[in-house]
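I have placed the structure first, in the form of structure tokens, so that the comments after it can refer back to it.
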Amino acid sequence: MSGSGIRERASAFFALDDEWVRVPAPGATRVDATLAVVLLLLSAFGLELARSAGALGVNHAPWAQYVALAATAAPIAFRRRQPVIVVAVSSLVFFVVGVVMPDVTTQLSVQVLYFFTLYSAMAWARDRRQVLVVVGAVLVLMFGWLIWQFALGSAIDEIISSLKDHPETKGLFSPIAATVTYLTLVNILYFGGAVLGGQAAWRAARQRARLAEQAETLSTQATELREHAVVQERLRIARELHDVVAHHVSVMGVQAGAARRVLAVDPAAASTALTSVEGSARQAVTEMRALLGTLRHGEDEGHTGADRSPEPGLAGIPELVDQFEAPEFSVSYAAVEDAPGAVERVSPAAALTLYRTVQEALNNVRRHSTASRAGVVLRVETRGARGGFAEVEVLDDGRPRTGTSGTGLGLLGMRERVASLDGILEIGPRVTGGFRVRVRLPLTGGTRG
């Protein structure tokens, strides 16, 4: 592997470009202070055992040895809050104690304390480059100290002195080579284990943070999808309510007006008109109850309620057109299909949208136009690049009536319906006079969700 490849892998392992910060939990300092006290007591116990076994020299007073031990353990109380400073201070203390009282630093209890500070620095440092520089400097210092002990210090003299007491050696290596190699490997494992173990702990924490972020993102997206579904359902119900109320109220108004005009001269015609008003009122109540039943069903999973009536479709357009017939307003209807049965191939969602388009367009003509007649044409084409289409076109011969502008909710609902089915909507005045509404939808548009 090339040098650049090794650098890239090392940079990735130590996450030098990662800006994530491992933040200690609340109360971390209190926990670490408790840990420092516990480790100090255990280390003091181990140090006293070593003294009792004669493993410590008598050149220094016991209180000095315990002060050195306390100075090594104290920084652990801040290992997660200030990990880089802790490892720097601990390394300096360890080095000074090692020079002044080498018997103390060779004790397992002291070695464990210093290992823990190195590990914590790699596991908790916020700036990965900074901690790597500091730890690298510490390693250079420690291994430089080890080399100095072998090259210029008393370590070799101690080995030679030991050989005088034990002149017979039966190993494959010379005593000096074996001792140097052994101590070097022990230090590599010691420092390497602390650095790599701490980095592995940091990476594990980073992975847990990523998983937590992903889980939170998924939860947020799921919530947004649920909210979006609720909004879409509310829009659908709002469109249905608007179409139902506007249509039936408009029809009732037309028929009631006709009944009022002919009540004195033609009671039979007035009775027919009033019967139409009654039928429209009943139908409006039925459709509104069906929509409200849908809402109640969402609140109570076990509630079956009354069955919803079938949603209107293309077969209901002729009856719908007849409802707008009046003495002063006539409506014609024509259905054109390129093959027998083509109308039946229109999807329920598209059929409902076409029905509501005719309903809204005729309502607008009656309420906001001076038109005396209108024409509705349904066309179904089963051949084409997109698998055919279905469209309705509503034309009238009137002009906008002043002072009767609506809320615009009907047109907005019409646009939303058409857009949800990937259709085309055209609304506007005609050059030859009158107004035109045309909706074209794919023949096999998806069903409503």
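The values are calculated or read from the model by the stated rules, or taken from the named source; none is laboratory data. Because the structure is predicted, anything quoted here is derived from the model rather than measured. So basically every Cβ, Gly included, is an ideal-geometry build from the backbone, and we count neighbours across all protein chains shown. We work out accessible area using only protein heavy atoms, side chains counted, and drop any ligands, DNA or RNA first. Shrake-Rupley method; radii C 1.70, N 1.55, O 1.52, S 1.80 Å.
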Exercise. In what order, largest first, do Asp127, Asp18 sit by accessible area if the probe radius is 1.4 Å?
Worked result: Asp127, Asp18
Seminar exercise, completed: Filtering GluC sites (Glu not before Pro) in region 1-90 by DSSP loop and by at most 16 other Cβ atoms within 10 Å leaves Glu19
For this session: Could you provide, to the nearest whole Å², the per residue accessible area of region 29-144 with probe 1.4 Å?
Result: 48
Exercise. What's the FRET efficiency of Val96 with Arg208 using the Cβ-Cβ distance as r and R₀ = 25 Å, to the nearest 0.05?
Worked result: 0.10
For this session: Using a 1.4 Å probe and counting only protein heavy atoms, arrange Thr106, Thr370 so the residue with the most accessible area comes first.
Result: Thr106, Thr370
For this session: Please list the non-local residues whose amide H lies under 5 Å from the amide H of Arg436, H modeled 1.01 Å from N, same-chain partners needing a gap of 5 or more.
Result: Gly428, Arg430
Exercise. Which residues' amide hydrogens lie under 5 Å from the amide hydrogen of Ser369, considering only partners 5 or more residues apart or on another chain, with H built in the peptide plane?
Worked result: Arg401
Exercise. Protein chains only, probe 1.4 Å: how do Arg438, Arg226, Arg126 rank by accessible area, largest first?
Worked result: Arg226, Arg126, Arg438
Exercise. Percent of accessible area on region 5-126 owned by carbon and sulfur, 1.4 Å probe?
Worked result: 71
Exercise. For Trp148 and Leu172 in one chain, what is 0.36 nm times their gap in residues minus the Cα-Cα distance, to one decimal in nm?
Worked result: 6.1 nm
Exercise. Tell me, what is the 1.4 Å probe accessible area of Phe78, in Å² to the nearest 10?
Worked result: 110
Exercise. Which value, in Å² rounded to 10, gives the accessible area of Tyr333 with a 1.4 Å probe and all protein chains present?
Worked result: 70
For this session: Rounded, prolate or oblate: pick one for region 9-97, where a ≥ b ≥ c are the square roots of the eigenvalues of its C-alpha gyration tensor, a/c under 1.5 means rounded, and failing that, prolate if a/b is larger than b/c, else oblate.
Result: prolate
